[in-house]
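Everything below concerns the one structure shown next.
The values are calculated or read from the model by the stated rules, or taken from the named source; none is laboratory data. It should be emphasised that the depicted structure is a prediction, and the values quoted were computed from it without experimental measurement. Here the Cβ is made from the backbone with ideal geometry for all residues, glycine too, and neighbour counts use every protein chain on show.
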Amino acid sequence: MSIAELSIKRPVSAIMLFVSLTVIGLIAAFRLPLEAFPEVSPPFIFVQLPYVGSTPEEVERTVLRPVEETLSTMPGIKRMDTSADANGAQLFIQFTDWERDVAIAASDARERIDAIRADLPDDLQRYLVLKFSTTDQPVLRVRLSSQMDLTGAYDMIDREFKRRIERIPGVARVDISGAPANEVEIAINQDRLTAHNLGLNDLTTRLQSVNFSVSAGTITDGGMRLRVQPVGELTDLQQLRDLVIASGVRLSDIADVRLKQERMDMGRRLDGKKAVGLDIFKERNANLVEVSKAALAEVENIRKEPALSDLQVKIIENQGDNVTTSLLELAEAGAIGLVLSIAVLFFFLRHWPSTMMVTLAIPICFIMTLGFMYFAGVTLNILSMMGLLLAIGMLVDNAVVVVESIYQERERMPGQPRLASIVGTRHVAIALSAGTLCHCIVFVPNLFGERNFLSIYLSQIAITISVSLLASWLVAVSLIPMLSARMKTPPAVGNPDGIIPRLQKRYAGLLRWTLEHRGKSVMGILLIIAVSIVPMVLTKKNMFGGDDGGETNIFYQWKGSYSLQQISDEVLKV
């Protein structure tokens, strides 16, 4: 028994199946994460080892070589580039497998470096292991300015903005730029140090012994894993001043302890005034639009507080609005395409019930595809939305073919609509299956071929088109026959001189001529293909379009050495 026969004999089951799939798809559609583009984590990491005040040769010998030797044993390395200068060493590691979890690779690199920490210089600063992802972009970029200078207001911005925004669900972190944080400066008096018979190594060892935070492993208790982390960090300046360095000697006896601002090598301005930037990042699995809306609402609430009334807040970039606008524009284009496809269908079918029955395949297939995307972990982004829109025209192809075949059988077998629906669907079932599979198999290389940026992006389009076409095939061989068996036969064309009969006659004449002049027909087709190659070769090729996003960037290149204030003064003149 074929699918068409089963759906016709059990209409209630068929209807309940599609109603269930539609309801599940609708629920899943509202839970789909919204993104601008799919997340791509390329298989490489970047290791930065700061070691200021040395020479390139010493950095290479004491820092770069030990780290390079231990990281070179990591499995699956395709390429490793290293460099050393007077400020430290850098390593770029690229892996062969795009399916590799880069977060695990970065963690492995940190463990390997920690294992040889004793072989590295004691004064080596904290190293960084960085990974890249296309989602590592701020969802909201905010700029703060005021009549007063905000560059010294880090504590206020951290307290009023950063901490409150980071409590929002889905927010990973908030970066502050343009306002340096405070750091502790210990200004040692060399004469006092010598008078107490102490050395710098003694002071360094003592500070490290009382200001630590290390992991001591885990304890398993009752199925729960508890992380043990002894903490001996100093909490305020007075504790640091009262720290006993030697018998009867406190730190305040040999040094001045005070707070100072970190050295700032960059600055921000807004409308000519000094400004502070807030870059808000979302968690990996958070919904971009929801996080953006929540963060923006919190910023607005903070701005309304009386204590911050003189603060000017400007949103430089809101990815949530950008994504929403792009998806709405695509949805609008899709709605226009849907209306035009309905008009074209009615133009040829000349029967409203048949037109609406065929059109029903479009929303059902869309909703089923959105449900599949949710359970497959595919986000609703510009590329997946584009795949849905490209499939609009193809979604009705299978249904149109089935409807036309069924109505031809109903003209041969009047009074037997169920049998005509079964026979009509059976006549085109193989052709429908072959055509649908041919459309889908074109995208197989994008789904299972070599992984790279382009193939991952194109896979979003491939998944949505393939799933929607398979859904349209299911609708065409089950729902359409069941509905056709319960509809009246459309009226025959009454006017032999109408548009459709005339189009059929002209098409028959063209087909007859091509069969009688096969050589000329083949030469004409080859000529069209040859002419089409010319514009294809001349067309400019680029991975992304030339949209500037409504933003202009100006870059300056300075000759010589200038302070930050000098550079700021010159930029203000532009």
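Only one of these is exposed (fewer than 15 other Cβ atoms within 10 Å of the Cβ) and of a type outside the set (D, E): V47, V40, V23. Name it. Let's see the steps before the verdict.
Details: V47 fails: exposed (fewer than 15 other Cβ atoms within 10 Å of the Cβ); V40 fails: exposed (fewer than 15 other Cβ atoms within 10 Å of the Cβ).
Sole residue among the options that is exposed (fewer than 15 other Cβ atoms within 10 Å of the Cβ) and of a type outside the set (D, E): V23.
Each row is one residue, and each column tells you yes or no for (1) in contact (Cβ under 8 Å) with a residue 60 or more places away in the chain; (2) assigned to a helix (DSSP H, G or I).
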residue: E317; (1), (2): yes, no
residue: S326; (1), (2): yes, yes
residue: L330; (1), (2): no, yes
residue: A335; (1), (2): no, yes
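Would you check which residues across the range 146-193 are part of a strand (DSSP E or B) and polar (S, T, N, Q) and list them?
Taking the range 146-193 as the starting set, the residues that turn out to be part of a strand (DSSP E or B) are 171-177, 182-188.
S177, N182 - these are the residues of the range 146-193 that are part of a strand (DSSP E or B) and polar (S, T, N, Q).
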| query | (1) in contact with a Lys or Arg (Cβ under 6 Å, 6 or more places away or on another chain); (2) not assigned by TED's automatic domain parsing to the domain that holds E290: which one isn't true of G170, the others all being true? | reply | (2)
| query | So which of S478, S561, S521 ends up being of a type in the set (G, A, S), modelled with pLDDT of 75 or more and not assigned by TED's automatic domain parsing to the domain that holds G415? | reply | S521
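Could you tell me whether the range 123-138 includes any residue that is more than 30 Å from I316 (Cα to Cα) and either without any contact (Cβ under 8 Å) to a residue 24 or more places away in the chain or of a type in the set (D, E) (or both)?
So far as the range 123-138 goes, yes, one or more of its residues are more than 30 Å from I316 (Cα to Cα) and either without any contact (Cβ under 8 Å) to a residue 24 or more places away in the chain or of a type in the set (D, E) (or both).
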| query | Which condition does S421 not pass, out of (1) more than 30 Å from K488 (Cβ to Cβ); (2) over 22 Å from the mean Cα position of the chain (by Cα); (3) hydroxyl-bearing (S, T, Y), if it passes all the others? | reply | (1)
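Can you report the number of residues in the range 490-518 which are outside any helix (DSSP H, G or I) and either among the aliphatic types (A, V, I, L, M) or modelled with pLDDT of 90 or more (or both)? Outline the logic, then answer.
Looking only at the range 490-518, we keep the residues that are outside any helix (DSSP H, G or I), and these are 490-498, 517.
Pick out the ones that are also either among the aliphatic types (A, V, I, L, M) or modelled with pLDDT of 90 or more (or both) and you get 492-493.
Final tally of qualifying residues: 2.
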| note | With criteria (1) free of Cβ contacts under 8 Å to residues at least 40 places away in the same chain; (2) surrounded by 13 or more Cβ atoms within 10 Å (Cβ to Cβ); (3) within 30 Å of D310 (Cβ to Cβ), L144 comes up short on (1)
